[in-house]
1. Check region 60-74 and report whether any residue there is in contact with a helix residue (DSSP H, G or I) (Cβ under 8 Å, 6 or more places away or on another chain) and hydrophobic (A, V, I, L, M, F, W, C).
2. Return the total of residues in region 77-102 being open to solvent by less than 30 Å² (accessible area, probe 1.4 Å) and either outside any strand (DSSP E or B) or not aromatic (Phe, Trp, Tyr) (or both).
3. When region 31-53 is examined, which residues are found to be open to solvent by 30 Å² or more (accessible area, probe 1.4 Å) and under 15 Å from the mean Cα position of the chain (by Cα)?
4. Do we find that Ser51 is part of a strand (DSSP E or B), touching a residue at least 24 places away in the same chain (Cβ under 8 Å) and of a type outside the set (A, V, I, L, M) in this structure?
5. Considering only residues that are touching a strand residue (DSSP E or B) at 6+ places or on another chain (Cβ under 7 Å) and charged (D, E, K, R), look in region 1-30 and name the one that is surrounded by the fewest Cβ atoms within 10 Å (Cβ to Cβ).
6. Can you find a residue in region 109-124 that is of a type in the set (Phe, Trp, Tyr), open to solvent by less than 60 Å² (accessible area, probe 1.4 Å) and under 12 Å from the mean Cα position of the chain (by Cα)?
7. Applying the selection to region 54-74, what residues are surrounded by fewer than 18 Cβ atoms within 10 Å (Cβ to Cβ) and either of a type outside the set (S, T, N, Q) or not in a strand (DSSP E or B) (or both)?
8. Specify the residue that is nearest to Tyr96 (Cα to Cα); the eligible residues are those in region 54-80 that are more than 11 Å from the chain's Cα centre (by Cα) and among the small types (Gly, Ala, Ser).
Amino acid sequence: QVQLVESGGGLVQAGGSLRLSCAASGRNFSSDYGMGWFRQAPGKERQFVASINWNGGITYYQDSVEGRFTISRDNAKNTVYLQMNSLKPEDTAVYYCTAARIFVYDSTMTPEYWGQGTQVTVSS
């Protein structure tokens, strides 16, 4: 099994920044896994935000966050990050960390594992 634990969510004003972290663990987890972030706003479907391949050399983003969000990973710590800058009220959502053994080379992802989610609220 793989466990994913997110942290770093909170309340921020529009234009502000937050950094989400996701710590991965479990005997089935390895640094070969592709990692990603999804989000779900109230009343909306869960949507892809960003993904990163095993060594951090390839990343993909949803169009609405391109240039504002940055995904990165530290394999020595089994941790993936999502740096969110220039936040907008429409970024308000629960953010989920995800992992998958197969990395998809486009702006999609089919996660095998999900974290429990962390709330991000952006006030106007």
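The values are calculated or read from the model by the stated rules, or taken from the named source; none is laboratory data. Just so we're clear, the structure is a prediction, and the values are computed from it rather than from any experiment. FYI the Cβ positions are ideal-geometry reconstructions off the backbone, even for glycines, and counts take in every protein chain you see. Surface accessibility is based on the protein's heavy atoms, side chains included, excluding ligands, DNA and RNA. Shrake-Rupley method; radii C 1.70, N 1.55, O 1.52, S 1.80 Å.
1. yes
2. Counting residues in region 77-102 that are open to solvent by less than 30 Å² (accessible area, probe 1.4 Å) and either outside any strand (DSSP E or B) or not aromatic (Phe, Trp, Tyr) (or both) gives 11.
3. Gln40, Arg46, Gln47
4. So Ser51 fits the description; yes.
5. Checking each candidate, the answer is Arg19.
6. no
7. Trp54, Asn55, Gly56, Gly57, Ile58, Gln62, Asp63, Ser64, Glu66, Gly67, Arg68, Asp74
8. Among residues in region 54-80 that are more than 11 Å from the chain's Cα centre (by Cα) and among the small types (Gly, Ala, Ser), the one nearest to Tyr96 (Cα to Cα) is Ser64.
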